[in-house]
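Engineer: Before I ask anything, here is the structure I am working with.
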Amino acid sequence: MAVESKKSDDAGERFNPSMAVEHARFPTPEHPCAYLQGVPAMLDVRLLTDVTPHETEHLVERGWRRFGPEYFRPICRGCSECISLRVPVKKFRFSKSQRRVVRKCEKVTVEIRTPRADPERVALYRKWHAAREAACGWQENPLDEDGYRRQFCFPHPSGREMTYWADGRLVGVGLVDEMPHSLSSTYFYFDPDYAKLSLGVYSALCEISLALQLGKDYVYLGYRVAGCKSLVYKSGFRPHEVLIGRPGEGEHAEWIAPVMGDAEIA
């Protein structure tokens, strides 16, 4: 499962808060949680530009996620189910089910480039999102090409796009941030007609493979939510580590290996 790319040459950068420009910071109004039905959610959102890969990694290590120029993390009242999860790639070991996924996807090819917007990607995103609306009650998102470009192709030095192809068709798109010591999986969508390939799992395995090739230490897989069936697969990447709490920029980020079987952090 080889994924080809060139190693980034920014490992010597040091975190300097003065480099990034913060245009706004605000809490969102309460809204329906995308992961847990009937639960209200809130986000702490920061609008940042001129963020270096090293600064991005500093934020991701503290539980922030990037979506275009927005960086966010949950601040939900009475709920702490969103737990940041990362995989130490040099220690990662395939499970039997993950090996089966690799065999199912042996004819899938992967390409890496900077993110782009075109009718093919927009159509695939709309098809995937419509399936999530039907299955999970997500709100409709009639995204056009300009909207797609703003959300998924915002210029960022860390931004990468991994595309997945089968039968001559685009069947999956993963947006990934490459940082000095890690990769962060920021978004993935796929063709529902190819759901049997388990492309979500396969994309994470490809990101781990790429991180190893680039000499990175971790792949950040976003939030693991114990009560969300669509995110259960993240706990299957072992060993993994979870973040304790929501540390501030000047605070140490404590990551621990969860005790398997622990209902809260396993």
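Engineer: Select from the chain the helices, each a whole stretch of DSSP H, whose alpha-carbon atoms run 20 Å or more along the helix axis and whose Kyte-Doolittle mean is at least 0.5; answer none if there are none. Write out the running numbers ahead of the final one.
Structural biologist: Values: long enough: 119-136 (25 Å, -0.66); 199-213 (21 Å, 1.31).
Helices passing the filter in the chain: 199-213.
Engineer: Moving on to the next point. Taking the Cα centre of region 82-256 as origin, work out the dipole magnitude from +1 charges on Lys and Arg Cβ and -1 charges on Asp and Glu Cβ, in debye rounded to 20. If you can, show how the numbers build up before the last one.
Structural biologist: Working: 27 positive and 21 negative charges, 194 e Å.
It works out to roughly 940 debye.
Engineer: What order, most packed first, do the peptides 251-258, 101-108, 124-131 have when packing is the mean number of other Cβ atoms within 10 Å of each residue? Numbers along the way, then the final one.
Structural biologist: Details: 251-258: 12.9, 101-108: 14.9, 124-131: 17.2.
Top of the packing list down: 124-131, 101-108, 251-258.
Engineer: So, one more: Report, ordered by chain and residue number, the aspartates and glutamates lying within cross-link reach of residue 196, taken as a straight Cα distance under 14 Å and ignoring same-chain residues fewer than 8 apart.
Structural biologist: Partners within reach: 106.
Engineer: Also, quick follow-up: Using the Kirkwood radius over Cα pairs, work out the Stokes-Einstein diffusion coefficient for the chain at 4 °C and 1.567 mPa s, in µm²/s as a whole number.
Structural biologist: Details: Rh = 19.1 Å.
After rounding, the answer is 68 µm²/s.
Engineer: OK, next. If each DSSP helix of 4+ residues adds -39,500 (n - 2.57) and the sum is divided by the residues in the chain, what number results at 222 nm, nearest 500 deg cm²/dmol? Could you put the intermediate results ahead of the total?
Structural biologist: Numbers: 5 runs with 58 residues, N = 266.
That comes out to -6500 deg cm²/dmol.
Engineer: Work out the length of the dipole vector of region 126-199 about its Cα centre, built from +1 on the beta-carbon of each Lys and Arg and -1 on the beta-carbon of each Asp and Glu, and round it to the nearest 20 debye. Display every interim value, and only then the final one.
Structural biologist: Working: 8 positive and 11 negative charges, 23 e Å.
Using Cβ point charges on Lys, Arg, Asp and Glu, region 126-199 gives about 100 debye.
Engineer: What is the distance in Å between the Cα centroid of region 191-266 and that of region 90-117?
Structural biologist: 15 Å
Engineer: Which is farthest toward the positive dipole end of the chain among 80, 28, 201, measuring Cα position about the Cα centre, with Cβ charges +1 (Lys, Arg) and -1 (Asp, Glu)?
Structural biologist: Value: 201.
Engineer: Would you grab the residues whose amide H sits under 5 Å from the one on residue 224? Only those 5+ places off in sequence or on another chain, please, with H modelled 1.01 Å from N.
Structural biologist: Correct list: 83, 84, 85.
Throughout, read-outs are computed from the coordinates displayed, never taken from laboratory work. It should be emphasised that the depicted structure is a prediction, and the values quoted were computed from it without experimental measurement. Because the Cβ atoms are built from the backbone with ideal geometry, glycine has one as well, and the counts that use them run over all protein chains shown.
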